[in-house]
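The values are calculated or read from the model by the stated rules, or taken from the named source; none is laboratory data. These numbers were taken from a predicted model, which means no experiment stands behind them. Here the Cβ positions follow ideal geometry from the backbone for every residue, glycine too, while neighbour counts run over all protein chains shown. Side chains are part of the model used for accessible areas, which takes the heavy atoms of the whole protein and leaves out ligands, DNA and RNA. Shrake-Rupley method; radii C 1.70, N 1.55, O 1.52, S 1.80 Å.
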Amino acid sequence: MEFTSEQRLDDAVLEREFILGEIPGILWTPGSGSGSASVPAPLILLSPPPLGLRKTYPRLVARARHSAADGFATATIELPGSGDRPRWPAAEQALADLRRAMEAGEPVSDEIIDALILPLVDKAVPEWQAALDALLSLPEIGGPVGYSGGVISIGTRLAVVEPRISAAVLFAGSFVPRAMFEEARQVTIPLHVLLQWDDEGNDRQAALDLFDAFGSKEKTLHANMGGHIGVPQFAGDAAARFFTRHLK
């Protein structure tokens with residue numbers, strides 16, 4: 001991991017951009033960071049939507065500041081094929097097929113969903129694990145570790161294969177391949193799932209079925225009226241309290 005820039009945000013959060021191989025990312029730490037904190041901070045991995053870090057930065061930094069106020073470090077990485085990373089023709093074709101079906105008012109087929117989501121999960125999850133290796137080697141970062149965000153299938157896979165993640169907040173706002181339901185049954189960590197009831201283009205029933213499939217003994221579904229980006233502030237506050245319970 002190589003840090004490429006550093007700035008202090010006006011609320012004393014230290015923001016550092018980094019490169020891990022070819023993967024760009026951002027680390028936010030409370031206080032002065034750079035190893036000077038007396039106690040290593042617990043870590044929350046902030047997974048962005050596949051729109052690029054530049055486009056989603058305002059939302060990510062707002063979540064990072066909120067988490068820093070609670071004593072958490074947070075980090076994000078660019079997803080494969082997003083932002084400034086190399087284009088991914090197969091994913092772009094799958095996205096084009098998805099948009100064509102939705103614009104035509106046709107059902108989105110399992111084949112389109114699989115082509116769009118499963119390769120992304122296969123690529124993104126090992127990259128998150130490599131980022132976690134690097135982040136936990138820093139003196140200012142410690143465990144336990146939480147995961148927050150979408151694509152929900154990425155979070156589901158990580159919850160199964162990555163034992164260092166102790167709890168997860170998942171955003172039910174993306175298509176779910178049928179294969180992920182079997183993986184969901186293997187999830188055992190505490191979960192807090194956010195669902196926007198009127199999320200345009202999202203299969204609400206699939207989101208409810210996935211929540212039902214999760215094998216966790218502790219799982220909470222927090223559903224609110226509204227569209228994809230209309231998550232109310234109090235829902236974010238509830239997610240923050242969930243992490244405070246499980247990571248401190």
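Assorted remarks:
- Screening the candidates GLY71, GLY83 for the property of being in a loop (DSSP other than H, G, I, E, B) and within 16 Å of the chain's Cα centre (by Cα) yields one hit, GLY83.
- Meets criteria (touching a residue at least 40 places away in the same chain (Cβ under 8 Å), out of contact with any strand residue (DSSP E or B) (no Cβ under 8 Å at 6 or more places or on another chain) and open to solvent by 50 Å² or more (accessible area, probe 1.4 Å)) for ALA90: no
- The C-beta contact set for the stretch 101-123 (first residue in contact (Cβ under 8 Å) with a residue 24 or more places away in the chain, second residue surrounded by fewer than 16 Cβ atoms within 10 Å (Cβ to Cβ) and in a helix (DSSP H, G or I), distance under 6 angstrom, 6+ apart or interchain) comprises VAL108/ALA101.
- Condition broken by LEU135, with the remaining ones in (1) farther than 25 Å from ILE229 by Cβ; (2) open to solvent by 10 Å² or more (accessible area, probe 1.4 Å); (3) assigned to a helix (DSSP H, G or I) satisfied: (2)
- The stretch 143-248 holds strands (runs of 3 or more DSSP E) entirely within its bounds, and those carrying 3 or more residues that are closer than 25 Å to VAL108 by Cβ map to 191-196, 219-224.
- Looking across the stretch 1-41 at every residue that is among the small types (Gly, Ala, Ser) and at pLDDT 90 or above, the one that is farthest from SER82 (Cα to Cα) is identified as ALA41.
- Positions within the stretch 85-115 being aliphatic (A, V, I, L, M) and either at positive phi or at pLDDT 90 or above (or both), in sequence order: ALA96, ILE112, ILE113, ALA115
- Residue in the stretch 59-69 that is open to solvent by 50 Å² or more (accessible area, probe 1.4 Å), closer than 24 Å to GLU6 by Cα and either in contact with a Lys or Arg (Cβ under 9 Å, 6 or more places away or on another chain) or of a type in the set (Gly, Ala, Ser) (or both) present: yes
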